[in-house]
1. Label points 7 Å out from Cα along the Cβ direction at residue 84 and residue 70: separation in nm?
2. Provide the gained length on full extension for the span residue 21 to residue 93, in nm with one decimal, where the gain is 0.36 nm per separating residue minus the Cα-Cα distance.
3. Do the sum for the chain: with -39,500 (n - 2.57) for every DSSP H run of n ≥ 4, divided by all residues, what is the mean residue ellipticity at 222 nm, to the nearest 500 deg cm²/dmol?
4. Using alpha-carbon positions, what is the distance between the centroids of the stretch 89-113 and the stretch 1-66, in Å?
5. Please report Rg over Rh for the stretch 38-95, where both radii come from the alpha carbon positions and Rh follows the Kirkwood definition.
6. Going by alpha carbons, how many degrees (0 to 90, nearest 10) lie between the helix axis of 59-112 and the longest principal axis of the chain?
7. How far, in degrees from 0 to 90, does helix 2-56 lean away from the longest principal axis of the Cα atoms of the chain, to the nearest 10?
8. So what are the radius of gyration and Dmax for the Cα set of the stretch 2-83, in Å?
């Protein structure tokens, strides 16, 4: 009976050791997969960053050119608006002065009667 217990204990120890080795190997593979996942994500992000950087390098210059064009157009429109406002003001002022003279003369004529 003692021999059976020793043999069973040895078999159990060997089985436990094999299971420990398997568990350690699986744990190692899990850790390597985790690290690999992060490495792949980093490489993908780096690739996308380079793509975006390459696509946007010329955008700043393009935006500056477009801004200069819009600024020039806005200056022309502002100048036109200023000219129209000045002309309208001058015309309206002249009309008001003529109307004032007419009313004033009319008033004086009515007073003289």
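Coordinate-derived values only; no laboratory data. None of the values given here were measured: they were computed from a predicted structure. Using ideal geometry, Cβ is built from the backbone for each residue, glycine included, and neighbour counts are taken over all protein chains shown.
1. Output for this residue pair reads 2.1 nm.
2. Values: separation 72, 0.36 × 72 = 25.92 nm, distance 10.18 nm.
Gain on stretching residue 21 to residue 93: 15.7 nm.
3. Values: 2 runs with 109 residues, N = 113.
Taking each H run of at least 4 residues, the total per residue is -36500 deg cm²/dmol.
4. 94
5. On the way: Rg = 24.8 Å, Rh = 15.7 Å.
Result for the stretch 38-95 is an Rg/Rh of 1.58.
6. Roughly 30 degrees, rounded to the nearest 10.
7. 20
8. In Å, with Rg to one decimal and Dmax whole: 34.9, 117.
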